[in-house]
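Working notes, beginning with the structure itself.
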Amino acid sequence: MVIEAKGGGSQKPTSAKYGQAFDRLRMQQSWDAAVAQLPQLEGGEKAVYLHGRKIQPDYLGIAVPDTPTYRMMFGWCSRRLDFLGDGVWFVNQDGTVHEELEPRPIPAVRRGITSKGR
């Protein structure tokens, strides 16, 4: 499983907005970037490494802070994410996680795997 996780504020110490919460526009850019990553991860166009070894994910999803803005953006594309089988998790400030969409396995043909193993 590969989860494209997005935060709720700048984590770069060199950023002028370091430590500040994202505004609505930055949350939308963050959400859009996460959604755009999923097809690249699914088909192998974007490499994923685990312990230095390239892997092919069998499940995909997005994890974001549980805010009204992220929930609104999820509402815009929830049917599409559900259709594709992508999982979505909302993370509360106390660290608890709510699974909004349960991920389903990516079919081998969509992962670029043939009956010969690729």
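The table for this structure:
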read-out	value
Residues with amide H under 5 Å from that of residue 87, placed H, sequence gap 5 or more	60, 61, 62, 104
Pairs of lysines in the chain (C-alpha under 26 Å apart; 8 or more residues apart or interchain)	7
Per DSSP, loop GluC sites (Glu not before Pro) in the stretch 33-118 with at most 10 further Cβ within 10 Å	45
Helix 24-43 vs. the chain, principal-axis angle (Cα, 0 to 90°, nearest 10)	10 degrees
DSSP bridge pairs, the chain: antiparallel proportion in percent, nearest 5	45 percent
Acute angle (nearest 10 degrees) that the helix 68-84 long axis makes with the longest principal axis of the chain, alpha-carbon atoms	10 degrees
Local electrostatic count, residue 34, Cβ distance below 11 Å [Lys/Arg +1, Asp/Glu -1]	-2
Taking N as its residue count, the alpha carbon Rg of the stretch 2-101 over 2.2 N^0.38 Å	1.12
Proxy reagent accessibility, fewest Cβ within 10 Å first, across 70, 49, 18	49, 18, 70
Net lengthening on full extension, residue 40/residue 28 (0.36 nm per residue, minus Cα-Cα)	2.4 nm
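Values in this text are rule-based calculations from the coordinates and carry no lab data. Since this is a predicted model, take the numbers as computed values, not measurements. Methodologically, a virtual Cβ is constructed for each residue, glycine included, from the backbone with ideal geometry; neighbour enumeration extends over all protein chains shown.
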